[in-house]
Amino acid sequence: AFGRQVDSFELDLDIPVLGKPAFPAVFIRAPLVASRSESVEVLAHIPSDGTVVAVRQANTLATSFHPELTDDTRIHQLFIDIVRAA
């Protein structure tokens, strides 16, 4: 959704469920949330155009960026917390 690999980019992304500081999101040829039902919670979007880039539905979490490429473990911790709560 975000173009070829040469079009990759990084963005400090506000993800309210994670708190501050902003999350260092790395976008590399990522998928895009094209549509969603009302049961899908939007966790984050790109401020400049509103593109949805992180969602949750029940115990499923999806992102359009690669949280594993940063040293910030908050997305992984969120996933662990979701699994533990299930």
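The values are calculated or read from the model by the stated rules, or taken from the named source; none is laboratory data. Treat the numbers as computed from the prediction; the structure is a model and nothing was measured. We place every Cβ from the backbone using ideal geometry, glycine too, and count neighbours over all the protein chains shown. Ligands, DNA and RNA are excluded from the accessible area calculation, which covers all protein heavy atoms including side chains. Shrake-Rupley method; radii C 1.70, N 1.55, O 1.52, S 1.80 Å.
Taking first residues from segment 40-60 that are basic (K, R) and partners that are open to solvent by 40 Å² or more (accessible area, probe 1.4 Å), the Cβ contacts under 9 Å between residues at least 6 apart in sequence or on separate chains come to R56/V17; R56/E41; R56/V42; R56/A62.
Looking only at segment 60-79, count every residue that is open to solvent by less than 70 Å² (accessible area, probe 1.4 Å) and over 15 Å from A44 (Cα atoms) and tell me the total. Talk me through it step by step, then tell me what you get.
Just the residues of segment 60-79 that are open to solvent by less than 70 Å² (accessible area, probe 1.4 Å), to begin with: 61-67, 70, 72, 74-75, 78.
Of the ones still in play, those that are also over 15 Å from A44 (Cα atoms) are 70, 72.
The qualifying residues number 2.
Find all pairs meeting these conditions: Cβ atoms under 8 angstrom apart; at least six residues apart or on different chains; first residue within segment 72-86 and within 14 Å of I15 (Cβ to Cβ); second residue open to solvent by less than 50 Å² (accessible area, probe 1.4 Å) and hydroxyl-bearing (S, T, Y). Every condition considered, the pairs that remain are I75/T63.
Of the numbered conditions (1) under 11 Å from the mean Cα position of the chain (by Cα); (2) at positive phi; (3) of a type in the set (A, V, I, L, M, F, W, C), I75 fails exactly one; give the number of that condition. For I75, the failing item is (2).
If I ask for residues that are out of contact with any strand residue (DSSP E or B) (no Cβ under 9 Å at 6 or more places or on another chain) and either among the β-branched types (V, I, T) or within 19 Å of P21 (Cα to Cα) (or both), which ones from segment 49-67 would you list?
Restricting attention to segment 49-67, the residues satisfying the condition of being out of contact with any strand residue (DSSP E or B) (no Cβ under 9 Å at 6 or more places or on another chain) are 49-50, 58-60.
Of everything in segment 49-67, just one residue is out of contact with any strand residue (DSSP E or B) (no Cβ under 9 Å at 6 or more places or on another chain) and either among the β-branched types (V, I, T) or within 19 Å of P21 (Cα to Cα) (or both), namely T60.
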